[in-house]
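**Student:** Take this structure, written in structure tokens, and hold onto it; I'll ask about it next.
The values are calculated or read from the model by the stated rules, or taken from the named source; none is laboratory data. Small disclaimer: the values here were computed from a predicted structure and weren't measured. Don't worry about glycine lacking a Cβ; one is built from the backbone with ideal geometry, like all the others, and counts go over all protein chains shown. Remember, those area values only see protein heavy atoms, side chains included, never the ligands or the DNA or RNA. Shrake-Rupley method; radii C 1.70, N 1.55, O 1.52, S 1.80 Å.
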Amino acid sequence: MDLELGGKVVLVTGGSDGLGAAVARRLVREGAKVALCARGVERLEATADSLRAEGGDVLTVQADVSKAWQVEHFVDAAHARFGRVDALVNNAGSAAARPFLSVTDAEWEEDLNLKLFAAVRASRQALPFIRESGGGAIVNVLAISAKTPGAHSTPSSVSRAAGMALTKALSKEFGPHGVRVNAVLVGIIESGQWVRRAQEVGKPVESFQTEMARHAGIPLGRVGRAEEFADLVAFLLSPRGGYISGAAINVDGGLSAAV
């Protein structure tokens, strides 16, 4: 299926590895131009180099999305380089789940700044450009805990739930302007953080992920592949997903109790 993304300009936050890099690779293979930002410049440039080796037109901007001016600079730099913005993937973020009474005000603020306000700021900066290009799409990458928060899931579950509300609100407000806004809620999927966790406990990545799937009770019996996540994101960004907006779609192997 041709996703009709050739020549489109897509911005991806947290694009240096894991899910963000997988999305960027899928987009490049569809012929899209991609702008990536991340805090770690070495991994960011390594990912960009591999995408360029595949023929990708890629811009990299070192940015900490928890800092407003750096998010704004990333979006503006992409527009200056490519002359347009067609889509945005708000992917930056990390898991943070602890007992409620152990989470300090500073930790709440840090989590909300990274997961919610980064998406707010990137969307606010990108939306005028997306409208200017004739419409496009935003995908907010969240987690299944946004729908089904459990014990010891704060602060992330609350930040992610706010991201789901942001998704719906933006889809209502900007739909008349040709902008579709959706969320993808991930379960346990291959990512850089799981590789690092496996290394910390001294286990091979594959066996560590198999144990995670078994312990979590994933109905499909395995951890998701980053490419499977990227395929859905690319579809939602594309004209082929042109009548999907305001949706929050689980990519979790059936793990979530909520549809």
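**Student:** On the given criteria, is G20 in a loop (DSSP other than H, G, I, E, B), within 13 Å of the chain's Cα centre (by Cα) and surrounded by 18 or more Cβ atoms within 10 Å (Cβ to Cβ)?
**Tutor:** no
**Student:** Could I ask something else about it? Here is a list of conditions, (1) among the acidic types (D, E); (2) modelled with pLDDT of 95 or more; (3) under 30 Å from A106 (Cβ atoms), and E200 meets all of them except one; can you say which number that is?
**Tutor:** (2)
**Student:** Could you list, in sequence order, all residues of the range 33-55 that are over 23 Å from Q70 (Cβ atoms) and small (G, A, S)?
**Tutor:** Result: S50, A53, G55.
Conditions tested, residue by residue: (1) among the acidic types (D, E); (2) part of a helix (DSSP H, G or I); (3) at pLDDT below 95; (4) open to solvent by 10 Å² or more (accessible area, probe 1.4 Å).
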| site | (1), (2), (3), (4) |
| --- | --- |
| V12 | no, no, no, no |
| A24 | no, yes, no, no |
| L27 | no, yes, no, no |
| V34 | no, no, no, no |
| E45 | yes, yes, no, yes |
| S50 | no, yes, no, yes |
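**Student:** Just for the range 159-193: of the residues that are closer than 18 Å to A258 by Cβ and free of Cβ contacts under 8 Å to residues at least 40 places away in the same chain, which one is least open to solvent (accessible area, probe 1.4 Å)?
**Tutor:** For the range 159-193, the residue satisfying everything is A161.
**Student:** Let me ask something else about it. Being under 14 Å from R26 (Cβ atoms) and in contact (Cβ under 8 Å) with a residue 60 or more places away in the chain is the requirement here; does L237 meet it?
**Tutor:** Considered against the rule, which asks whether it is under 14 Å from R26 (Cβ atoms) and in contact (Cβ under 8 Å) with a residue 60 or more places away in the chain, L237 comes out as yes.
**Student:** If you go through the range 78-109 one residue at a time, how many are closer than 30 Å to V58 by Cα, open to solvent by 30 Å² or more (accessible area, probe 1.4 Å), touching a Ser or Thr at 6+ places or on another chain (Cβ under 7 Å) and not basic (K, R)?
**Tutor:** Residues meeting the conditions: 1.
**Student:** Hey, among the residues in the range 121-176 that are among the basic types (K, R) and touching a Ser or Thr at 6+ places or on another chain (Cβ under 8 Å), which one's farthest from H79 (Cα to Cα)?
**Tutor:** The residue in question is K147.
**Student:** To continue, here is another question. Condition check: within 24 Å of R240 (Cα to Cα), touching a residue at least 60 places away in the same chain (Cβ under 8 Å), more than 14 Å from the chain's Cα centre (by Cα) and buried (at least 23 other Cβ atoms within 10 Å of the Cβ). Does A126 satisfy that?
**Tutor:** yes
**Student:** Just the residues that are open to solvent by less than 40 Å² (accessible area, probe 1.4 Å), within 20 Å of A162 (Cβ to Cβ) and part of a loop (DSSP other than H, G, I, E, B), please, taken from the range 227-259.
**Tutor:** Passing the criteria: G246, A247, D252, S256, A258.
**Student:** Could you tell me how many of the residues in the range 221-246 are touching a helix residue (DSSP H, G or I) at 6+ places or on another chain (Cβ under 8 Å) and not basic (K, R)?
**Tutor:** Number satisfying all stated conditions: 15.
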